[in-house]
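To keep things clear, I will list the structure first and then write my remarks on it.
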Amino acid sequence: GSVALSPASGGLTGLPANCYAPGTVVTLTATGANGNVLQSWTGAPGTGNTTTVTVNTASTVTANFAQPPVVTVFLQSRPNGSANLSMGVTNSGVTTATNVTVTAITGITATGATFVYNPGLLVIPFVIPGAAALNPGATSGFNLNFTATSGSAAAPFSFVITVKADNVPAFSTTINVP
């Protein structure tokens, strides 16, 4: 990967470009290569691709890259006659997924019934309980509650769930509920 600096140069005559006057605020932006994504910074705060440092002494900042986590969302179970779903999220990758978040539930469709998402405590967007740090090989369960506004709550339906993490781009999955 690579890191871009802003300002790009310290502008100090006779010194290398990576030397800055004390008090200078430098923004660093990391870009992964070959499918790698930023996992963390060493010597700077934050977990996002961009961080800032204030130069006061000689310091080193390292962008740490790795293969991204592989996150999957799935239906675990549905109690008979209910629209309250037991869901799961798993990480089959080699790095920890941080702050796995449901960002949208859309496209709710059914035959002979109409469903709406009933958020309760899980108002969108929400970090999936147990998935603030979803380790490789780990699975976390969570519940999604739907209400049938017409027809039977036991009717089959489907919906699209959109999920992202700090180190996983947003993706959408269609969940078919039998």
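Residues being part of a loop (DSSP other than H, G, I, E, B), open to solvent by 30 Å² or more (accessible area, probe 1.4 Å) and among the small types (Gly, Ala, Ser): count how many of those fall in the stretch 36-50.
Number of matching residues: 3.
If Thr31 satisfies all but one of (1) in contact with a Leu (Cβ under 6 Å, 6 or more places away or on another chain); (2) free of Cβ contacts under 8 Å to residues at least 40 places away in the same chain, what's the number of the condition it fails?
(1)
Ser82: open to solvent by less than 50 Å² (accessible area, probe 1.4 Å) and farther than 26 Å from Thr47 by Cα, yes or no?
Taking the combined requirement at face value, the residue satisfies it.
When you scan the stretch 100-110, do you find a residue that is touching a strand residue (DSSP E or B) at 6+ places or on another chain (Cβ under 7 Å) and at positive phi, even just one?
The answer is yes, given that some residue of the stretch 100-110 is touching a strand residue (DSSP E or B) at 6+ places or on another chain (Cβ under 7 Å) and at positive phi.
Restricting attention to the stretch 140-178, report how many residues are crowded, with 16+ Cβ neighbours inside 10 Å, over 27 Å from Gly112 (Cβ atoms) and either in contact with a Gly (Cβ under 8 Å, 6 or more places away or on another chain) or not charged (D, E, K, R) (or both).
Result for the stretch 140-178: 7.
Tally time: how many residues in the stretch 103-118 are among the β-branched types (Val, Ile, Thr) and over 17 Å from Ala153 (Cα atoms)?
Residues flagged as among the β-branched types (Val, Ile, Thr) and over 17 Å from Ala153 (Cα atoms) within the stretch 103-118 amount to 3.
Keeping to the stretch 85-96, report how many residues are open to solvent by 70 Å² or more (accessible area, probe 1.4 Å) and not hydroxyl-bearing (Ser, Thr, Tyr).
1
Take the residues of the stretch 6-19 that are open to solvent by 70 Å² or more (accessible area, probe 1.4 Å) and of a type in the set (A, V, I, L, M): which is farthest from the chain's Cα centre (by Cα)?
The extreme case among them is Leu15.
Could you say whether any residue in the stretch 97-116 is more than 30 Å from Ser9 (Cβ to Cβ), of a type in the set (Gly, Ala, Ser) and open to solvent by 60 Å² or more (accessible area, probe 1.4 Å)?
yes
Take residues that are without any contact (Cβ under 8 Å) to a residue 12 or more places away in the chain and of a type in the set (Phe, Trp, Tyr) and tell me which of the strands (runs of 3 or more DSSP E) falling wholly in the stretch 66-178 contain 3 or more.
In the stretch 66-178, no matching strands (runs of 3 or more DSSP E) lie anywhere.
Take the residues of the stretch 56-67 that are of a type in the set (Val, Ile, Thr) and open to solvent by 80 Å² or more (accessible area, probe 1.4 Å): which is farthest from Asn167 (Cα to Cα)?
The qualifying residue farthest from Asn167 (Cα to Cα) is Thr57.
May I ask you to say which residue of Val3, Val53, Val25 is assigned to a strand (DSSP E or B), surrounded by fewer than 14 Cβ atoms within 10 Å (Cβ to Cβ), on the phi < 0 side of the Ramachandran plot and aliphatic (A, V, I, L, M)?
Answer to the check: Val25.
The values are calculated or read from the model by the stated rules, or taken from the named source; none is laboratory data. None of these values were measured; they are calculated from a predicted model. Backbone-built Cβ (ideal geometry, glycine too); neighbour counts: all protein chains shown. With ligands, DNA and RNA removed, areas are computed over all heavy atoms of the protein, side chains included. Shrake-Rupley method; radii C 1.70, N 1.55, O 1.52, S 1.80 Å.
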